[in-house]
Amino acid sequence: MYRQRHSPTHASKQRRTLTATAAAAVLLVPLAAACGSEKAGGERPGSGAVSAEQPVTGVRWNVDSVTVDGTTHRAPAGAHVEIRDGKAAGSYGCNNFTAKAAVEGDRVRFSDARSTRMACADQPMDFERTLAGTLAEGALSTEVDGSTLTLATADGDQVLLTRK
């Protein structure tokens with residue numbers, strides 16, 4: 001079998017190249033990690049701290065209200081939603097629901113919603129239809145401001161939620 005022989009100077013050059021490459025990687029990795037989607041804000045002035053955007057997923061969000069066509073509808077106690085692992089689950093106020101949830105950047109889209117069909121008082125049922133219709137309206141923009149999440153349709157209708 002034929003083996004290529006390397007001169008000692010060739011092997012030495014290879015080791016120096018590998019060592020230089022490894023050293024560059026050690027120096028660049030922390031720099032690459034520092035460049036990301038973090039944004040400054042909410043920290044003490046001059047603290048130099050950087051925080052990542054607050055997540056929409058993995059949080060139980062209590063529904064406070066839904067505003068459709070300029071009219072705000074207050075949510076009944078217990079209305080909530082949680083998005084996790086491509087799924088959403090929660091309560092419209094009386095009936096529980098599940099749906100597929102696709103989160104992409106600052107948008108979320110709910111699809112294939114299913115809910116229980118319990119008989120509830122009239123007002124919660126009206127609210128449930130309004131909330132379910134707004135969530136199913138297509139891609140909703142998401143904006144997290146502290147402990148508040150706002151979901152908005154392309155037409156300007158909004159669902160206001162608060163982190164539990």
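The values are calculated or read from the model by the stated rules, or taken from the named source; none is laboratory data. Everything numeric in this text was worked out from a predicted model, so none of it was measured. Neighbour counts run over all protein chains shown; Cβ positions are idealised from the backbone, glycine included. Quick note on the areas: whole protein, heavy atoms, side chains included, nothing else; ligands and nucleic acids left out. Shrake-Rupley method; radii C 1.70, N 1.55, O 1.52, S 1.80 Å.
Can you tell me how many residues in the range 105-122 are open to solvent by 90 Å² or more (accessible area, probe 1.4 Å) and β-branched (Val, Ile, Thr)?
Residues in the range 105-122 being open to solvent by 90 Å² or more (accessible area, probe 1.4 Å) and β-branched (Val, Ile, Thr): 0 in total.
Restricting attention to the range 36-58, does a residue exist that is charged (D, E, K, R), over 15 Å from Arg129 (Cα atoms), part of a strand (DSSP E or B) and modelled with pLDDT of 55 or more?
no
Could you run through the range 94-104 and say how many residues are modelled with pLDDT of 95 or more, open to solvent by less than 70 Å² (accessible area, probe 1.4 Å) and either closer than 20 Å to Gly146 by Cβ or not aliphatic (A, V, I, L, M) (or both)?
Residues flagged as modelled with pLDDT of 95 or more, open to solvent by less than 70 Å² (accessible area, probe 1.4 Å) and either closer than 20 Å to Gly146 by Cβ or not aliphatic (A, V, I, L, M) (or both) within the range 94-104 amount to 3.
Taking the conditions exactly as written (touching a helix residue (DSSP H, G or I) at 6+ places or on another chain (Cβ under 7 Å) and open to solvent by 30 Å² or more (accessible area, probe 1.4 Å)), does His80 satisfy them or not?
On the way: touching a helix residue (DSSP H, G or I) at 6+ places or on another chain (Cβ under 7 Å): no; open to solvent by 30 Å² or more (accessible area, probe 1.4 Å): yes.
So His80 fails the test.
Mind listing whichever residues of the range 60-110 are aliphatic (A, V, I, L, M), in a loop (DSSP other than H, G, I, E, B) and more than 22 Å from the chain's Cα centre (by Cα)?
Those that are aliphatic (A, V, I, L, M), in a loop (DSSP other than H, G, I, E, B) and more than 22 Å from the chain's Cα centre (by Cα): Ala75, Ala77.
Taking the range 111-154, which residues are at positive phi and not in a strand (DSSP E or B)?
Of all residues in the range 111-154, those at positive phi come to 112, 138, 146.
Selection gives Gly138, Gly146.
Yes or no: Val66 at negative phi, out of contact with any helix residue (DSSP H, G or I) (no Cβ under 8 Å at 6 or more places or on another chain), touching a residue at least 12 places away in the same chain (Cβ under 8 Å) and crowded, with 19+ Cβ neighbours inside 10 Å?
no
Restricting to the range 123-147, and then to whatever is without any contact (Cβ under 8 Å) to a residue 24 or more places away in the chain and of a type outside the set (Gly, Ala, Ser), can you tell me which residue is most open to solvent (accessible area, probe 1.4 Å)?
Among them, the one singled out is Arg129.
Residue by residue through the range 149-164, note down the ones that are free of Cβ contacts under 8 Å to residues at least 40 places away in the same chain and open to solvent by 30 Å² or more (accessible area, probe 1.4 Å).
Matches in the range 149-164: Thr150, Ala154, Asp155, Gly156.
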